[in-house]
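Notes to accompany the following structure.
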Amino acid sequence: MPSPDGTLHAITANRLRDGVVVFLGAAGAWVESFADAALLTEAEATTALAAAKAQAERDQFGVDLYAFEVESENGAALPVKMRERIRTLGPSVRLDLGKQAAA
Amino acid sequence: MNHIAPGARAGIYHYDEIDRRFVGERVEQFRRQVERRLSGELTEEEFKPIRLMNGLYLQLHAYMLRIAVPYGVMSAVQLRKLAEIGRTYDKGYGHFTTRQNLQYNWIKLEDTPAILNALADVDMHALQTSGNCVRNVTTDQFVGAAKDEVVDGRVYAEILRQWTSLHPEFTYLPRKFKIAISGAASDRAAVRVHDVGLLARRNEAGEAGFTFYVGGGLGRSPFIGKLVREWVAEEDFVAYLEAILRVYNQYGRRDNIYKARIKILVHELGLEKFKAEVEEEFARLRGPKYRLDPAIVAEIRTHFAPPPFEDLPETSSALERAKAENPAFANWVAVNVAEHKAPGYAIATISLKPPGGIPGDASCDQMDVIADLAEQYSFGELRVSHVQNIVLAHVKQDELYALWQKLDAVNLGTANAGLIGDIIACPGLDYCALANARAIPLAQAISARFADPLRQRTIGELGIKISGCINACGHHHVAAIGILGVDKKGTEFYQITVGGDPTLTTAIGDILGPAVTEHEAVDAIEAIVEVYLANRTGESERFLDTLARVGHGPFKERIYAAD
């Protein structure tokens, strides 16, 4: 369910071992592709982020966890801010690198 | 350890057993710390300051490892090792920075100890590239070669490296601390925008000494370094710096990161009070313990002895013939080659700014080529400049044409050193976790717009510098045309400044007007250039001179007329 203003959220982190950008997936598992990220209301994101932070530290899995806003564009989910758009894809100046390279 | 020392190259400091043991111990210490982090014995909160002390940041896509290139000077062997590391542990390239260092952008934490081991094999490390310590000391990229050089800054930069590396008082400063040294008539090291800027000089007796500027810096609050002492004798060099750092350590603010740099302390304390505090501390320190022994200076100077130059005529007929036959080469010589102190030699700048390219990036294949060319043409030694280029400092004029041909074959023959295409750009939002906007795409678009070499020559000396946030790693404050990326409600905008100057006539640029969009920015830069060309009195009047004469009015009018 989206927030009252319609904004959805996703949760991201860097994997501790290799720094790779990951997203919290639907079943609480971490996924590498933003397409597989869980889209949450603001309240859901707050709860999920707190739980994910505690779990990630226990498992030594991820660092720098935070939630970010997502909007819908032509039916597809898209991070609202450029920072997360670049995180989900890779450098805009090197399309051969990052997640966009594997797409 | 499978040690591969750089060898008896020109201008490279050779580690002794103490250096080697120290670096080896730090690598082993960090290997254990990484193991403890991965096993959960250390929390991220505990581990973060440790990894930063080893040059390891966490950025947008992965870990970033910043490698120290002491005073920007390294050997071909070392560069080849950097290329090997880039291929093995990163994605086949590296980024040369405005601090004369090299960054890898795609590092895995679990690989870092192995990388640091590989670096140690060639007397390199990532220490003092992060954290609140004295950072890697920077200097003139033409050091030891420039015709206008008075004192060789490498000697004193190396003394500072040794003095600061394990200094217990300087590991937890209020904030990072950057020192730059220039020993030439022209300042190519931007000394007055560093925490401490040093001009190495000689007195009438020919003795080396230093003019100290303190409290310069860019970032959120830009300041030009203030003259604190006109002359500090060589023997007092360490004592005086130690006095400055002690005053900073005692009075510098630790409660507010935005007010923690020494520039704020000097500003808030007032110059006279700050000088008095330093002089008082200096008087306490001065004495045998802190005296810089001439024997130590002499020993370190032996590491930087001139390479075995041949006895050559002042000019080269082979060079003149090649220039006459190849206009593109002649243009490269006119733009990228500087005078050398030794007859028959020249200093060649290898631009890492091809039109449309990413400033400061070099592929590992290019690094290998540069390493080969450094061995073939420049005694196996090269430099990283703070404007993100590479310099081969000791090339025979007779061999410049062969060098250029080989550079050109791998897209490294661009002739734009000091011209509008020679843009400084920080990694910006494409890589950096602190950035608010991208810097690289704008640099690419501007350099592509001004790709024509003749147009660049016509425009003349004009530096553009771009930062993706107010931390100003792209030095935009001291650019003739500076560009600062800002975020306005999720959209990238670019604030343009004009009139900045990184040389001894240091100036902070003025904001020209409201920020423009990414789409408008390149046209705005072109408009500024057109106004300059239309208003200058002749080709010898630089952009900064025209700006000083006509003021901001004509530039503002042209860019914002439609608003």
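The values are calculated or read from the model by the stated rules, or taken from the named source; none is laboratory data. These figures come from a predicted structure and were not determined experimentally. Methodologically, a virtual Cβ is constructed for each residue, glycine included, from the backbone with ideal geometry; neighbour enumeration extends over all protein chains shown.
Looking only at segment B:332-368, which residues are polar (S, T, N, Q) and either within 14 Å of chain A (Cβ to nearest Cβ) or more than 22 Å from residue B:99 (Cα to Cα) (or both)? Even if it seems obvious, please write down each step before you answer.
Step one: of segment B:332-368, the residues polar (S, T, N, Q) are B:336, B:349, B:351, B:363, B:366.
Listed by number, the list holds a single entry, B:363.
Scanning segment B:97-118 for residues that are within 21 Å of the chain's Cα centre (by Cα) and part of a strand (DSSP E or B) gives B:102, B:103, B:104, B:105.
Considering only segment B:35-52, state which residues are within 10 Å of another protein chain (Cβ to nearest Cβ) and among the β-branched types (Val, Ile, Thr). Talk me through it step by step, then tell me what you get.
Applying the first criterion (within 10 Å of another protein chain (Cβ to nearest Cβ)) to segment B:35-52 yields B:37-45, B:47-48.
The one that is within 10 Å of another protein chain (Cβ to nearest Cβ) and among the β-branched types (Val, Ile, Thr): B:43.
Is one or more of the residues making up segment B:154-164 within 14 Å of chain A (Cβ to nearest Cβ) and in contact with a strand residue (DSSP E or B) (Cβ under 7 Å, 6 or more places away or on another chain)? Taking every residue of segment B:154-164 in turn, none turns out to be within 14 Å of chain A (Cβ to nearest Cβ) and in contact with a strand residue (DSSP E or B) (Cβ under 7 Å, 6 or more places away or on another chain).
Flag not set for residue B:256, criterion: surrounded by fewer than 21 Cβ atoms within 10 Å (Cβ to Cβ), touching an Asp or Glu at 6+ places or on another chain (Cβ under 8 Å) and under 18 Å from residue B:174 (Cα atoms). Residues of segment B:480-497 that are surrounded by fewer than 22 Cβ atoms within 10 Å (Cβ to Cβ) and either within 14 Å of chain A (Cβ to nearest Cβ) or among the hydrophobic types (A, V, I, L, M, F, W, C) (or both): B:486, B:487, B:488, B:489, B:490, B:491, B:493. Within segment B:419-435, the set of residues being within 9 Å of another protein chain (Cβ to nearest Cβ) and surrounded by fewer than 22 Cβ atoms within 10 Å (Cβ to Cβ) comprises B:433 only.
Restricting segment B:86-96 to residues that are within 14 Å of another protein chain (Cβ to nearest Cβ) and outside any helix (DSSP H, G or I) leaves a set whose member that is surrounded by the most Cβ atoms within 10 Å (Cβ to Cβ) is B:94.
Of the set (1) over 19 Å from residue B:72 (Cβ atoms); (2) buried (at least 24 other Cβ atoms within 10 Å of the Cβ), all apply to residue B:387 but (1). For segment B:217-253, a residue qualifies if it is among the hydrophobic types (A, V, I, L, M, F, W, C) and surrounded by fewer than 18 Cβ atoms within 10 Å (Cβ to Cβ), and the qualifying residues are B:227, B:231, B:233.
Taking segment A:2-103 as the region of interest, the helices (runs of 4 or more DSSP H) fully inside it that hold 3 or more residues being out of contact with any Pro (no Cβ under 6 Å at 6 or more places or on another chain) and more than 12 Å from chain B (Cβ to nearest Cβ) are A:42-59. Pairs under 6 Å by beta carbon, first residue at positive phi in segment A:82-97, partner assigned to a loop (DSSP other than H, G, I, E, B), six or more apart or different chains? Pairs found: A:90/A:97; A:90/A:98. Looking across segment B:297-322, just one residue is basic (Lys, Arg) and touching a residue at least 12 places away in the same chain (Cβ under 8 Å), and that is B:301. Considering only segment B:185-221, state which residues are out of contact with any Ser or Thr (no Cβ under 6 Å at 6 or more places or on another chain), part of a strand (DSSP E or B) and of a type outside the set (Lys, Arg). Correct list: B:196, B:197, B:198, B:200, B:208, B:209, B:210, B:211, B:212, B:213, B:214, B:217. The residues on offer are B:463, B:474, B:500, and the sole one that is crowded, with 24+ Cβ neighbours inside 10 Å, at negative phi and touching a residue at least 40 places away in the same chain (Cβ under 8 Å) is B:474.
Table: residues versus (1) within 24 Å of residue B:309 (Cα to Cα); (2) outside the structural domain of residue B:481 (by TED's automatic domain parsing).
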site	(1), (2)
B:376	yes, yes
B:384	yes, yes
B:392	yes, yes
B:403	yes, yes
B:415	no, yes
B:429	no, no
B:434	no, no
B:449	no, no
B:457	no, no
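Using beta carbons and a limit of 6 Å, which pairs, at least six apart or on different chains, have the first residue in segment A:20-49 and touching a residue at least 12 places away in the same chain (Cβ under 8 Å) and the second one surrounded by 15 or more Cβ atoms within 10 Å (Cβ to Cβ) and hydroxyl-bearing (Ser, Thr, Tyr)? These pairs meet every condition: A:23/A:12; A:34/A:88; A:41/A:3; A:42/A:3.
Out of all the residues in segment B:136-150, is one or more of a type in the set (Phe, Trp, Tyr) and under 21 Å from residue B:235 (Cβ atoms)? Looking for residues that are of a type in the set (Phe, Trp, Tyr) and under 21 Å from residue B:235 (Cβ atoms), one finds none in segment B:136-150, hence no. Only a single item in (1) in contact with a Lys or Arg (Cβ under 9 Å, 6 or more places away or on another chain); (2) within 14 Å of chain A (Cβ to nearest Cβ); (3) small (Gly, Ala, Ser) is not met by residue B:118, and it is number (2).
Give me the residue from segment B:53-85 that is within 13 Å of chain A (Cβ to nearest Cβ) and touching a residue at least 60 places away in the same chain (Cβ under 8 Å) and, out of that set, surrounded by the most Cβ atoms within 10 Å (Cβ to Cβ). Residue satisfying both the conditions and the ranking: B:65. Residues in segment B:119-178 that are part of a loop (DSSP other than H, G, I, E, B), surrounded by fewer than 24 Cβ atoms within 10 Å (Cβ to Cβ) and β-branched (Val, Ile, Thr): B:122, B:150, B:151, B:171. Close contacts from segment B:522-548, counting a first residue that is over 14 Å from residue B:497 (Cα atoms) and a second that is among the basic types (Lys, Arg) and in a loop (DSSP other than H, G, I, E, B), with Cβ to Cβ under 7 Å and a gap of 6+ residues or different chains, come to B:546/B:536. For segment B:503-515, the set of residues classified as touching a residue at least 24 places away in the same chain (Cβ under 8 Å) and either within 18 Å of residue B:466 (Cβ to Cβ) or of a type in the set (A, V, I, L, M, F, W, C) (or both) consists of B:504, B:507, B:508, B:509, B:510, B:512, B:513, B:514, B:515, listed by residue number.
Have a look at B:501, B:523, B:430 and point out the one that is of a type in the set (D, E, K, R), at pLDDT 95 or above and more than 21 Å from the chain's Cα centre (by Cα). It would help to see each step written out before you state the result.
Values: B:501 fails: more than 21 Å from the chain's Cα centre (by Cα); B:430 fails: more than 21 Å from the chain's Cα centre (by Cα).
From the options B:501, B:523, B:430, the qualifying one is B:523.
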